[in-house]
Amino acid sequence: MDLKKYIRSIPDYPKKGILFRDITTLIKNPEAFKFTNDKIIEIAKKFEFDKVAAIESRGFVFASTVSYVLNKPFILLRKKDKLPSETHSVDFKLEYGEATIEVHKDSIEKNEKILVIDDLIATGGTAEAAAKLIEISGGKVAAFIFVINLFDLPGEKLLKKKGFTTKSLIEFPGH
């Protein structure tokens, strides 16, 4: 299945100069959504990991399926002030601003291997922040899985340079 035809491209969103790759057109199609989840699960099975983490919010869509099918605990990496208990926090830069993500302090045990899933890798700021959160918590990143890699933006290269394994289902240019 050619997943690219299920991704909508929206120019100048969320700001001028950004070409937004929208997965809502993929997830509303049952066959494309099932195919995507099946492929992510197939990739996930190749890694040794203890828990699945997802980056807010579109990562939740795919990681919850992996958690369910592979019977692994699910960790939410959320935007600032969205988690009710004590958290670790990491500030980072986005292509179009700044943000903070957090994880509950009791989500990750020492030396646990965490598989991180998100919809898209662009500049790598959010993924790098997710890795820092996992490391601050005492865990280790098993790998990253993305639906989309924007291959001409530095995200994938940044993660690989830091020693992380990344896998993506499809690639698009970032601009």
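All of the numbers you see were taken from the coordinates with simple rules; none came from a lab. Everything numeric here is computed off the predicted structure, so don't read it as measured data. Don't worry about glycine lacking a Cβ; one is built from the backbone with ideal geometry, like all the others, and counts go over all protein chains shown.
A simple spin-label model places the labels of SER9 and ASP91 3.5 nm from each other, with each point 7 Å out along Cα-to-Cβ.
Estimated purely from DSSP H runs of n ≥ 4, each contributing -39500 (n - 2.57), the mean residue ellipticity at 222 nm for the chain is -8500 deg cm²/dmol once divided by its residues.
Taking other C-beta atoms within 10 angstrom as a stand-in for reagent exposure, LEU169, LEU115 fall in the order LEU169, LEU115, fewest first. If you bin all the Cα-Cα distances of the range 8-69 at 10 Å, starting from zero, the percentages per bin are 19, 43, 27, 10, 0.
Given the chain, what percent of its DSSP beta bridges are antiparallel, to the nearest 5? Each step should come with its number before you reach the end.
Working: 14 of 36 bridges.
If I count the DSSP bridges inside the chain, around 40 percent turn out antiparallel.
The order of ARG78, ARG8, going from fewest to most other C-beta atoms within 10 Å of their C-beta, is ARG8, ARG78. Straight Cα distances below 26 angstrom link LYS161 to the lysines LYS39, LYS45, LYS46, LYS51, LYS79, LYS93, LYS110, LYS113, LYS132, LYS140, with same-chain residues fewer than 8 positions distant left out.
Filter the DSSP H helices in the chain by two things, a Kyte-Doolittle mean of at least -1.0 and an axial alpha-carbon span of 18 angstrom or more, and list the hits by number.
Those that clear 18 Å and a mean of -1.0 are 30-44, 58-70.
Legend: translational diffusion of the range 4-161 by Stokes-Einstein, Rh = Kirkwood radius over C-alpha pairs, 4 °C, 1.567 mPa s; D = 81 µm²/s. Say we join alpha carbon atoms closer than 10 Å with springs in a Gaussian network model of the chain; which of GLY138, GLY59, GLY163 then has the biggest fluctuation? Of the options given, GLY163 has the highest mean-square fluctuation.
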